[in-house]
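The values are calculated or read from the model by the stated rules, or taken from the named source; none is laboratory data. Keep in mind the model is a prediction, meaning the values are calculated, not measured. Using ideal geometry, Cβ is built from the backbone for each residue, glycine included, and neighbour counts are taken over all protein chains shown.
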Amino acid sequence: MPETRIAEKNMARDEEFKHLIRVANTDLKGEKHVLYALTRIKGVNFMLANAICRKAGIPVTKKAGYLSDAEVKALEQVISDPLRAGIPVWMLNRRKDYETGEDKHLFLGDLDFAHEMDIKRMKKTKSYRGLRHQWGLPVRGQRTKSNFRKNKGKGSLGVQRRKVKSGRV
C-alpha cells in the first residue's frame with residue numbers, strides 16, 4: 001500500500017517537471033540547478049545568477065524544471081531591473097553608460113549591440129584601443145612577438161619549384 005502512494009507522488013512530481021523553461025527569452029535546461037541554468041542567459045554570470053536567486057527568494061539548489069510560474073515571474077522581474085531588486089551597482093555590466101551616464105545591466109542582443117557600438121566609437125575617434133581593434137591586434141597590452149600571428153598553425157612554406165610546361169623537358 002505505501003509503495004503505491006510513493007509511486008503516485010513521484011508521478012505527480014514528474015508531471016510538474018519541465019525539461020525546458022523560458023526565462024528572459026532563453027531556454028534553460030530543467031535538469032540543472034537554477035544557479036547554473038541562469039548562467040545560460042547572455043549577460044548573466046555565476047555571481048549575478050546567485051544574487052538573482054537570493055533576491056527572488058528561490059533556493060539555488062532547486063532544479064530549474066520544478067520552478068513554478070510565480071517563481072519564473074519573480075526571476076524575470078529581478079533580471080529585468082536588477083537595481084530596483086537591490087542588486088549592488090558593482091555587479092552590473094554597464095556602469096556609467098557612455099550616452100546616458102546611468103548604471104544598467106544589459107542582456108542578450110542589447111549587450112552585443114552596445115559592445116559593437118563601443119568598438120565603432122573607439123575606431124571613429126581613433127583612440128589607441130580603436131586602432132588596435134581596427135588593425136586586428138591585441139587591445140589589452142599582450143605581447144605580440146610570439147602570439148597573434150596571422151599564419152600561425154598553417155606551416156611555413158619553403159621554396160617551391162616552377163611547374164614544368166607539358167611540351168618541354
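Please indicate, with yes or no, whether at least one residue in segment 50-59 is under 17 Å from residue 108 (Cβ atoms), assigned to a helix (DSSP H, G or I) and at pLDDT 90 or above. Yes, segment 50-59 contains at least one residue that is under 17 Å from residue 108 (Cβ atoms), assigned to a helix (DSSP H, G or I) and at pLDDT 90 or above. Among the residues in segment 66-73, are any of a type in the set (Lys, Arg) and at pLDDT 90 or above? Yes - at least one qualifying residue is present in segment 66-73.
Taking first residues from segment 58-87 that are closer than 22 Å to residue 16 by Cβ and partners that are modelled with pLDDT of 90 or more and among the polar types (S, T, N, Q), the Cβ contacts under 8 Å between residues at least 6 apart in sequence or on separate chains come to 60/50.
Counting only helices (runs of 4 or more DSSP H) that sit completely within segment 81-141, zero hold 2 or more residues that are small (Gly, Ala, Ser) and surrounded by 12 or more Cβ atoms within 10 Å (Cβ to Cβ).
When segment 56-68 is filtered for residues that are buried (at least 18 other Cβ atoms within 10 Å of the Cβ) and under 21 Å from the mean Cα position of the chain (by Cα), the ones remaining, listed by number, are 56, 64, 65. If you go through segment 52-73 and keep only what is in contact with a Gly (Cβ under 8 Å, 6 or more places away or on another chain) and small (Gly, Ala, Ser), you end up with 64, 65.
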